[in-house]
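**Student:** Here it is, the structure in full.
The values are calculated or read from the model by the stated rules, or taken from the named source; none is laboratory data. Being a predicted model, the structure only gives us computed values, none of them experimental. FYI the Cβ positions are ideal-geometry reconstructions off the backbone, even for glycines, and counts take in every protein chain you see. Remember, those area values only see protein heavy atoms, side chains included, never the ligands or the DNA or RNA. Shrake-Rupley method; radii C 1.70, N 1.55, O 1.52, S 1.80 Å.
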Amino acid sequence: ADDGASSCTDCPEGGTCPAGSTACTGGLSPTPAPHAAIPTAAPQMAGPTPAPQAGSPTPAPGDGCDKGQFEPCEGCLCEDCPAGQYQPDSDYTGSSCDDCAAGSYASDTGSSSCTDCPAGTSAANTGRTECATCVAGKYSDSTGATGCTSCSAGSYSPDSGATTASACTLCEENTYSADDGASSCTDCPEGGTCPAGSTACTGGLSPTPAPHAAIPTAAPQMAGPTPAPQA
């Protein structure tokens, strides 16, 4: 078939051609040798996800923390606000929460808002986890109070947690309270009188002061015998 041949090639089985031919007609084409199969690599199985090491920072989910939480450090897990504090925003990236204002409180961790103190209680400071009950002689008639109001002199309130000014009762006749915030009234001294709601009594005996203990005096020194003149 090619120029410069040093010999001729037999036609394949069943093939023929006249002398001087460059190719044969018919016949079976030689069956090519099968190619060796190229082995394919076995699929790699995904291994278990390694567990995070203790103490390593874990990124906060999403763009920040939920309401009632804060991010103590960049990339750390979010933590709940402590009791007495709150955080009202979503996707929050701040590193701390805010104290509840005076007159309010948050008793639980993770609070997104604070609750006003109910009537009969108050919170004078910020960051409170509970409100203080008004003591006897005082009252609070509104929510969110930062302090309790004292009953005026001439009246009293024997119970704690009073919620209205009507809890302050006028002292009865012949009794009095000289100062604001009294939890009881004082009886007038013997012979003294006063109308209801008084801050003092008129007349009467003043209390007899307790007698002072006598201060012991030193015993007088006795003069000794006069010494006899020497010879």
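**Student:** Region 109-189: percent of C-alpha pairs farther apart than 18 Å?
**Tutor:** 45 percent
**Student:** Let me ask you something else. Quickly work out the Thr16-to-Ala196 label distance, labels modelled 7 Å from Cα along the C-beta direction, and quote it in nm with one decimal.
**Tutor:** It works out to 15.0 nm between the two label points.
**Student:** Working from the pairwise distances between different alpha carbons, so that the mean of 1/r is found and then inverted, what is region 64-165's Kirkwood radius in Å?
**Tutor:** By the Kirkwood definition, the hydrodynamic radius is 14.5 Å.
**Student:** Going highest first, how would you order 161-170, 185-194 by mean Cβ packing within 10 Å?
**Tutor:** For the peptides 161-170, 185-194, the packing ranking is 161-170, 185-194.
**Student:** State the percentage of accessible surface on region 123-201 attributable to carbon and sulfur atoms; use a 1.4 Å probe and exclude ligands, DNA and RNA.
**Tutor:** The C+S portion of the solvent-accessible surface of region 123-201 is 42 percent.
**Student:** Which net charge results for the neighbourhood of Cys201, defined as the other residues with beta-carbon distances under 13 angstrom from its beta-carbon, given Lys and Arg at +1 and Asp and Glu at -1?
**Tutor:** Every neighbour counted, the sum reads -4.
**Student:** Glu79: accessible area at probe 1.4 Å, nearest 10 Å²?
**Tutor:** Answer for Glu79: close to 90 Å² accessible.
**Student:** Could you please report the charge total around Thr126, scoring K, R as +1 and D, E as -1 over all other residues with beta-carbon less than 15 angstrom from its beta-carbon?
**Tutor:** -3
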